[in-house]
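Take a look at the structure set out below.
The values are calculated or read from the model by the stated rules, or taken from the named source; none is laboratory data. Note that this is a predicted model, so its numbers are computed, not measured. FYI the Cβ positions are ideal-geometry reconstructions off the backbone, even for glycines, and counts take in every protein chain you see.
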Amino acid sequence: MLKVLCTALNAEEGPHFSILRNAGASCDVVDRSLDLTKPDVLRKVIAGYPAIIAGSEPFPAEVINSSPELRVIARAGVGFDAINLPACDARQIVVATTPGVNHHAVAEHAIAMLMAIARGFPSCDQEVRKCVWTRVSRPRVMGSTIGLIGLGRIGQATATRAIGLGMKVLCCDPYPSAEFLKSYAVEMVSLDELLSRSDYVSLHSPSIAETKHLINAKTLDKMKTGSVLINTARGQLVDETALIAALKSGKLRAAGLDVFEVEPLPASSPLLQMPNVLLSGHIAGLDNESHNGTWELAAQIILKLKAGEWPQECIQNLKGVQNWKWA
Ligand SMILES: NC(=O)c1ccc[n+]([C@@H]2O[C@H](COP(=O)([O-])OP(=O)(O)OC[C@H]3O[C@@H](n4cnc5c(N)ncnc54)[C@H](O)[C@@H]3O)[C@@H](O)[C@H]2O)c1
């Protein structure tokens with residue numbers, strides 16, 4: 001019997017149980033009291049399972065190399081930076097993601113953060129609860145400029161919403177979709193031009209070597225004074241120390257952050273004490289629809305691979321490999 005283990009958070013409910021069990025597979029959920037960020041713990045937990053539905057817990061080479069039964073890691077989500085791809089390639093372990101199911105959730109979250117900052121939430125709410133009535137006027141969103149770094153699925157979903165709000169949309173992406181550019185009023189510019197012209201900069205590129213600390217002291221310096229940074233992509237894109245300095249100096253008016261260099265955000269992080277920072281805990285991709293879609297697709301990927309199919313659009317490694325075999 002095919003044994004599947006879910007190590008991802010929120011695996012306790014979803015359509016994956018019935019999909020896998022109807023196909024004759026078993027589906028277990030990891031013991032949540034375990035610290036899966038420890039390689040030794042993760043290695044023991046996944047022992048004997050050929051298929052994992054993973055979250056953002058790290059799968060380093062030492063875990064991959066000491067799990068002889070492992071054939072597929074299906075990541076519930078689209079980021080796969082926590083999985084050591086070369087180690088998986090070397091052992092012909094498939095690494096798959098579930099693209100196309102959570103882009104609307106992330107785009108809504110990015111825009112919600114932008115609007116909350118623009119309108120002064122949550123401080124307005126907190127003040128009124130303390131019977132403090134202050135009247136602060138802030139810049140209107142309509143007519144302002146948003147710069148999207150990355151115009152893939154999430155960048156595009158954010159762009160269409162920003163257009164709906166009456167914003168001017170600038171984008172930079174080395175491989176923009178020609179079809180999207182034909183259909184929507186967005187302007188492709190260089191990173192420097194985007195930073196210097198945008199009132200809001202929102203990050204939507206992957207976490208890869210080229211994008212590590214893309215937002216750093218130098219690039220922050222190129223941003224408009226009083227502008228806002230929104231990061232719903234990955235913490236590694238931003239040098240947090242430089243960001244904190246820019247927020248303290250007033251170079252940036254505010255930041256909306258769903259992702260961090262270290263997650264969960266340590267209790268010692270200065271970000272926790274800063275009133276001009278709006279925080280959420282890596283939940284941008286999560287809504288009811290994306291939750292179900294993600295689990296459904298992750299289960300289907302595993303069953304397809306087991307049946308000898310190759311869901312190419314979901315597979316992130318083993319480039320050029322032909323005739324991959326489960327066993
Ligand atoms: N916070 C969350 O819960 C959450 C959920 C889903 C995805 N994400 C993150 O969102 C990001 C985008 O996801 P997506 O589904 O839109 O991916 P995608 O692959 O559809 O799009 C990424 C885009 O980034 C572009 N890109 C690559 N390098 C770039 C660079 N140096 N500068 C500008 N653009 C660059 C690519 O060409 C591509 O168009 C990823 O980092 C992903 O990990 C976060």
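So ALA118 clears everything in (1) within 14 Å of the ligand (Cβ to nearest atom); (2) small (Gly, Ala, Ser); (3) at pLDDT 95 or above except one condition, right? Which one?
Unmet condition: (1).
Among the candidates GLU309, GLU313, GLU296, which residue alone is under 23 Å from ALA23 (Cβ atoms) and more than 21 Å from the chain's Cα centre (by Cα)?
Details: GLU313 fails: more than 21 Å from the chain's Cα centre (by Cα); GLU296 fails: more than 21 Å from the chain's Cα centre (by Cα).
Of the residues listed, the single one that is under 23 Å from ALA23 (Cβ atoms) and more than 21 Å from the chain's Cα centre (by Cα) is GLU309.
Residue-wise test of (1) closer than 18 Å to ILE301 by Cβ; (2) in contact with a Cys (Cβ under 6 Å, 6 or more places away or on another chain).
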residue	(1), (2)
PHE17	yes, yes
ASP28	yes, no
LEU34	no, no
ARG43	no, no
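In segment 207-306, which helices (runs of 4 or more DSSP H) lie fully inside it and hold 2 or more residues that are in the same structural domain as THR7 (by TED's automatic domain parsing) and within 16 Å of the ligand (Cβ to nearest atom)?
Hits in segment 207-306: 288-306.
May I ask you to say which residue of ALA105, ALA87, ALA118 is more than 22 Å from the chain's Cα centre (by Cα), among the small types (Gly, Ala, Ser), closer than 30 Å to ILE64 by Cβ and assigned to a helix (DSSP H, G or I)? Working first, answer last.
Numbers: ALA105 fails: more than 22 Å from the chain's Cα centre (by Cα); ALA118 fails: closer than 30 Å to ILE64 by Cβ.
Checking each option against the conditions leaves just ALA87.
Given the conditions (1) closer than 19 Å to PRO176 by Cα; (2) away from the ligand (no atom under 16 Å from the Cβ); (3) touching a helix residue (DSSP H, G or I) at 6+ places or on another chain (Cβ under 6 Å), report the number of the one that ILE163 does not fulfil.
Of everything listed in (1) closer than 19 Å to PRO176 by Cα; (2) away from the ligand (no atom under 16 Å from the Cβ); (3) touching a helix residue (DSSP H, G or I) at 6+ places or on another chain (Cβ under 6 Å), ILE163 misses just condition (3).
Determine if segment 142-151 includes at least one residue that is more than 10 Å from the ligand (Cβ to nearest atom), under 30 Å from ILE46 (Cβ atoms) and either in contact with a strand residue (DSSP E or B) (Cβ under 7 Å, 6 or more places away or on another chain) or not assigned by TED's automatic domain parsing to the domain that holds LYS251 (or both). Don't jump to the end; show me each part of the working.
Filtering segment 142-151 for residues more than 10 Å from the ligand (Cβ to nearest atom) gives 142-147.
Now drop any that are not under 30 Å from ILE46 (Cβ atoms), which leaves none.
Among the residues of segment 142-151, not one is more than 10 Å from the ligand (Cβ to nearest atom), under 30 Å from ILE46 (Cβ atoms) and either in contact with a strand residue (DSSP E or B) (Cβ under 7 Å, 6 or more places away or on another chain) or not assigned by TED's automatic domain parsing to the domain that holds LYS251 (or both), which makes the answer no.
With a cut-off of at least 2 residues that are touching a residue at least 60 places away in the same chain (Cβ under 8 Å), name the strands (runs of 3 or more DSSP E) lying wholly within segment 18-76. Lay out the reasoning, then the answer.
Values: elements: 26-29, 51-54, 72-75.
Result: 51-54, 72-75.
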